[in-house]
Amino acid sequence: MKAQILSILIGWTKFLEKILSNQVIEKEEDSPYHSLSPTSEAKDVDNYFHALDWALKNRGKENIKNIAFTGPFGSGKSSILNTFQRNTINDKLHFLNISLATFKEENSDNDNEKTKGEDLIRLIELSILQQIFYHEEDHKIPDSRFKRIKNNTRSDLTFKASGLFFLITSVLYLSIPDLFVRIIKVELNSTIEIIFRFMAFLISAIGLFIILWKSIRLLNGISISKLNINNAEINISEGINKSILNHHLDEILYFFEVTQYNVVIIEDLDRFKQTEIFTKLREINLLINNSNNSKKTNKDVVFIYAVRDDMFTDKERTKFFDFIIPVIPIINSSNSSEILSRELKINKYNISNDLLDDISLFIDDLRLLYNIINEFHIYSQRFNKNLIQNNLLSIIVYKNIYPNDFVKLSDFEGVLYKTIAKKYSYVIDEIAKIDTKIILNKNEIKKIESIKITEVEELRSLYILKYIERLNSIKEFVINGIPYSFQVVLSDELFPYFINNKIQYNYFNQQSYNSYYYPNTMNVSINFVDIEKTVDPNFTYTERENLINDWQNKKAEELKSKIEELESEKTKTKSY
């Protein structure tokens, strides 16, 4: 008795816990998780609805039979179509959804590319055919040769067994009435016998009718490919044509004749990059709409394709589709940071805006963004609360964008692991670059501190002196036809003429012991480069002038400060 009472109490406790759990789930509004499936509650889609509603209402008048929803992956095409199906008030529209998202996209780069493409098209066609017929119950397409395994319940089995039992009993009673009397060991009077015979006849007739009715449908669904009378051999056809859809075209036409579906939505067909399948579907759409039944009922079956913008090149898509609705992505790399920041702030995560701006460049899919948020919440709850959230979000983003490389991390493999493992060599290379800068600065300091001439005019005088030594009887230099004394040509305005070899000079004429001066002008044939080598073979004039300016501007002190900064940078680099 105690055990029974305890069992009852445990049962009631579990029941109450289940009710409470459901109420908690219903009240929970701030859940950080997001579904990755297309939603049926898309927002800001009225313009798409108006366009699609117009196309469907005028599909007969405007001959619109193939409609395209175009946009990149993650732009919300499926959500818009789901929301339209849910909210449409047109009870004359009956939707049939076909999705090939379960297929793996194949890219053939070898010699068998054509063969693989044909096999892929056959698989796609097979999937489309399966989804069309498995979408409907058998009793609504009774004459179809495609049959599914039926789940016979106990009540179904009981009913069928009872019917078969009464049928066999009735046939035996009508065929061998004496045997039936001996079995039940009861003599029947004439009235009861008449009633029994009538019931047996009625049951037999109904049973025979059902058997014939079932047999006709069964025989109608059998395709005979070979009949050999002599050997009594019959083979049931198992082969298919090259095109599965074309081979079962009669089945497809029959399906749309006996069902109400008039809007077929086909998604994810573009992931296989096989434009031939679109051509076949367009042909099938044309055959469906040109069939006698469709013309009589004005059914006007429309195919809606959710495809990428780049599925067709040039003008192909405008030739293929009768109406195109472009879908503008609700998220891209420019606004993903705003959405991600909003979602993270709702859950009070401390993530820097700089990081969000950086990673948003790689997120242009809403499903990818939602999955990052979902995984970040799970990881953050699982690990220590003191874990740096910026680092965790970074690795979660990497996990979602490069999942294969992320998995390799645990096996000490992959691009990211190898990059991190090379940290020591990166640090050495970076320190070597810093050391090179330090050496250059130290050499520059040595040059500045080694100069003996600290004035520019003094340096220029040295170069002018070398000209005077080489030019005999020179009286003065001439620049642009104007004579200048040795002191004047040291100015910033005139000395560049020496560097550019654009100078002349006046000289003395000597006769016996007396010197006479005549305004005689000659070009200076000495090149300034030769003067530079004579003065200092290691430095040019410009270099020496720069050293003097650096010395005057105390650049040596500035370089010493830079060396200190570089030494500090070396220490930081070791800790990166």
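Go through region 424-434 and give me each residue that's exposed (fewer than 13 other Cβ atoms within 10 Å of the Cβ) and acidic (Asp, Glu).
Residue satisfying the conditions is Asp429 alone.
Take Leu393 and decide whether it is of a type in the set (A, V, I, L, M, F, W, C), surrounded by 16 or more Cβ atoms within 10 Å (Cβ to Cβ) and out of contact with any Asp or Glu (no Cβ under 6 Å at 6 or more places or on another chain).
Working: of a type in the set (A, V, I, L, M, F, W, C): yes; surrounded by 16 or more Cβ atoms within 10 Å (Cβ to Cβ): yes; out of contact with any Asp or Glu (no Cβ under 6 Å at 6 or more places or on another chain): yes.
Criteria met by Leu393.
What's the number of the only condition in (1) surrounded by 12 or more Cβ atoms within 10 Å (Cβ to Cβ); (2) part of a loop (DSSP other than H, G, I, E, B); (3) at pLDDT 75 or above that Glu106 fails to meet?
Tallying (1) surrounded by 12 or more Cβ atoms within 10 Å (Cβ to Cβ); (2) part of a loop (DSSP other than H, G, I, E, B); (3) at pLDDT 75 or above, Glu106 fails exactly one: (3).
Kindly list, by first and then second residue, each pair from a residue in region 121-133 that is touching a residue at least 12 places away in the same chain (Cβ under 8 Å) to a residue that is of a type in the set (Phe, Trp, Tyr) and part of a helix (DSSP H, G or I), limited to pairs with Cβ atoms under 7 Å and residues at least 6 apart or on different chains.
Note: pairs meeting the criteria are Ile124/Phe272; Ile132/Phe255; Phe133/Phe255.
Any idea which residue in region 62-88 is nearest to Asp44 (Cα to Cα), counting only those that are at pLDDT 85 or above and surrounded by fewer than 18 Cβ atoms within 10 Å (Cβ to Cβ)?
Applying the filter and picking the extreme gives Asn87.
Any idea which of (1) in contact with a strand residue (DSSP E or B) (Cβ under 8 Å, 6 or more places away or on another chain); (2) surrounded by 18 or more Cβ atoms within 10 Å (Cβ to Cβ) is the one Leu340 doesn't satisfy?
Every listed condition holds for Leu340 apart from (1).
Kindly state which strands (runs of 3 or more DSSP E) lie completely within region 457-527 and contain at least 1 residues that are modelled with pLDDT of 85 or more and crowded, with 17+ Cβ neighbours inside 10 Å.
Working: elements: 474-479, 482-484, 504-511, 514-523.
The strands (runs of 3 or more DSSP E) meeting that bar are 474-479, 482-484, 504-511.
Considering each of Asp354, Asp435 in turn, give the residue that is farther than 30 Å from Ile548 by Cβ, acidic (Asp, Glu) and more than 19 Å from the chain's Cα centre (by Cα). Break it down stepwise before answering.
Numbers: Asp435 fails: farther than 30 Å from Ile548 by Cβ.
Every option except Asp354 fails the conditions.
Just to be sure, is Lys399 part of a helix (DSSP H, G or I), within 30 Å of Leu566 (Cα to Cα) and basic (Lys, Arg)? Walk me through how you get there before you give the answer.
Numbers: part of a helix (DSSP H, G or I): yes; within 30 Å of Leu566 (Cα to Cα): no; basic (Lys, Arg): yes.
For Lys399, the condition - part of a helix (DSSP H, G or I), within 30 Å of Leu566 (Cα to Cα) and basic (Lys, Arg) - is not met.
Consider Gln274 against the criteria (1) in contact with a Leu (Cβ under 8 Å, 6 or more places away or on another chain); (2) at pLDDT 75 or above: it satisfies all of them except one. Which criterion is unmet?
Checking Gln274 against (1) in contact with a Leu (Cβ under 8 Å, 6 or more places away or on another chain); (2) at pLDDT 75 or above, the one that fails is (2).
So Ile346 clears everything in (1) over 23 Å from the mean Cα position of the chain (by Cα); (2) buried (at least 18 other Cβ atoms within 10 Å of the Cβ) except one condition, right? Which one?
Status for Ile346: all satisfied but (2).
The values are calculated or read from the model by the stated rules, or taken from the named source; none is laboratory data. Worth saying up front: this structure is predicted, and the values here are computed from it rather than measured. Because the Cβ atoms are built from the backbone with ideal geometry, glycine has one as well, and the counts that use them run over all protein chains shown.
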